[in-house]
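The values are calculated or read from the model by the stated rules, or taken from the named source; none is laboratory data. Bear in mind the structure is a predicted one, so any value in this text is a computation, not a measurement. Counting neighbours? That spans all protein chains shown, and the Cβs are built from the backbone with ideal geometry, glycine included.
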């Protein structure tokens, strides 16, 4: 098949967040069997990153995008651009994140590609990019050709409204409640409309699928879990030597990761240290807020803030237990799949485990509150044999169910049966 993928990011191995990494991996595996082009936004400093995808058979068509990487006069232009996006958001009632990626120059490049080199499948990554399927619904431009055989797929990555419902439920201040309520209304309004534009909507978890189906009252939803590759991720070589080390990895521009880091610093680690003062926590990932880093420093040598690291091998090797106290957010958590694939024992929550078919206490341990999380962490630290059993069972489970080969092949088989004949309107 000829596949045109639209991405809000230029996918590369150093992108630093799970959604971007999963897009990169998916493109690589698609390109092994299909003709794949990626039309994507490119930030400053990413000019050389397309070479990796190109060498793997993916044609990359970049569109420049202003971002936090800009400096000097470009920074001024960035602020002006974001203010215009904010104004559009207030007028449309759609989320700022959607308006930020609705770009005329991107639409022009898309129309050129659809006209000059028509694909069989238009594959749109992330719900915030769904507006690029709108012209098809409105019957405008190449997407609106009534005789088109193009099949439009939206890979949501997560339901935008669902994590905002969860954040609203745990908000403590009136300001937080108001802000999250406004975001929720905008996302719900957008998703109710946007889910009608694609032919097929991919959801990474069953929870997301059921939630989006309830918003849209249409069919065409498929469950498509994101994957990992055990062949590329080395097995962790933890020796369980003192001190016991806990590990959390995340991009802290994603609010659920900030919430998890804050919970570890403010509640979980202080309680653990009361019983086991030798335990250490490694916080890994870019953009940790200074306020959280300052509170982490207050725990002294018990917390190590690493920032972005080029290779995660060492921190996974040292970890007795991967901890992910995620009580907000949505979608499947790549960080947890990767930790299990690397043979780290994992302690998380019901939300952290969404979309992952794990067998109760055999493959992963689940906690229901910060206090419960602390108790389970202490129990596991005292039982290295249990940690070894979890690490072996979890790795075997994820490797068998979530390899990219398996997930992409299943998806392509499903899509091949849906691309014959003119598409519905």
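Evaluation of residue 374 against the conditions (1) touching a residue at least 60 places away in the same chain (Cβ under 8 Å); (2) under 30 Å from residue 32 (Cα atoms) shows that the sole unmet condition is (2). From the list 265, 292, the lone residue that is in contact with a helix residue (DSSP H, G or I) (Cβ under 8 Å, 6 or more places away or on another chain), closer than 20 Å to residue 346 by Cβ and at pLDDT 95 or above is 265.
Scanning region 227-254 for residues that are touching a helix residue (DSSP H, G or I) at 6+ places or on another chain (Cβ under 7 Å) and exposed (fewer than 15 other Cβ atoms within 10 Å of the Cβ) returns 237, 240. Do the conditions hold for residue 316, that is, is it without any contact (Cβ under 8 Å) to a residue 40 or more places away in the chain and not in a loop (DSSP other than H, G, I, E, B)? No. Kindly indicate whether residue 88 is exposed (fewer than 14 other Cβ atoms within 10 Å of the Cβ) and either within 22 Å of residue 413 (Cα to Cα) or not assigned by TED's automatic domain parsing to the domain that holds residue 254 (or both). Taking the combined requirement at face value, the residue does not satisfy it. A count restricted to region 201-222 and to residues that are closer than 20 Å to residue 334 by Cα, surrounded by fewer than 17 Cβ atoms within 10 Å (Cβ to Cβ) and without any contact (Cβ under 8 Å) to a residue 40 or more places away in the chain stands at 0. Just one of the listed residues (15, 21) is surrounded by 14 or more Cβ atoms within 10 Å (Cβ to Cβ) and in contact (Cβ under 8 Å) with a residue 24 or more places away in the chain, and it is 21.
With a requirement of 1 or more residues that are over 22 Å from the mean Cα position of the chain (by Cα), the strands (runs of 3 or more DSSP E) lying completely within region 172-260 that satisfy it span 245-249. Among the residues examined, residue 162 does not qualify as touching a residue at least 12 places away in the same chain (Cβ under 8 Å), outside the structural domain of residue 111 (by TED's automatic domain parsing) and either under 20 Å from the mean Cα position of the chain (by Cα) or within 17 Å of residue 94 (Cα to Cα) (or both).
Among the residues of region 134-147, what is the count of those that are part of a loop (DSSP other than H, G, I, E, B) and either touching a helix residue (DSSP H, G or I) at 6+ places or on another chain (Cβ under 8 Å) or modelled with pLDDT of 95 or more (or both)?
Step one: of region 134-147, the residues part of a loop (DSSP other than H, G, I, E, B) are 139-141, 145-147.
Narrowing further to those that are either touching a helix residue (DSSP H, G or I) at 6+ places or on another chain (Cβ under 8 Å) or modelled with pLDDT of 95 or more (or both): 141.
Residues flagged as part of a loop (DSSP other than H, G, I, E, B) and either touching a helix residue (DSSP H, G or I) at 6+ places or on another chain (Cβ under 8 Å) or modelled with pLDDT of 95 or more (or both) within region 134-147 amount to 1.
Restricting region 287-313 to residues that are part of a helix (DSSP H, G or I) and in contact with a strand residue (DSSP E or B) (Cβ under 8 Å, 6 or more places away or on another chain), which is surrounded by the fewest Cβ atoms within 10 Å (Cβ to Cβ)?
Taking the candidates together, the pick is 301.
Looking only at helices (runs of 4 or more DSSP H) that fall completely inside region 24-133, which ones have 1 or more residues that are in contact (Cβ under 8 Å) with a residue 60 or more places away in the chain?
Numbers: elements: 50-55, 73-92, 96-100, 104-116.
The helices (runs of 4 or more DSSP H) meeting that bar are 73-92, 96-100, 104-116.
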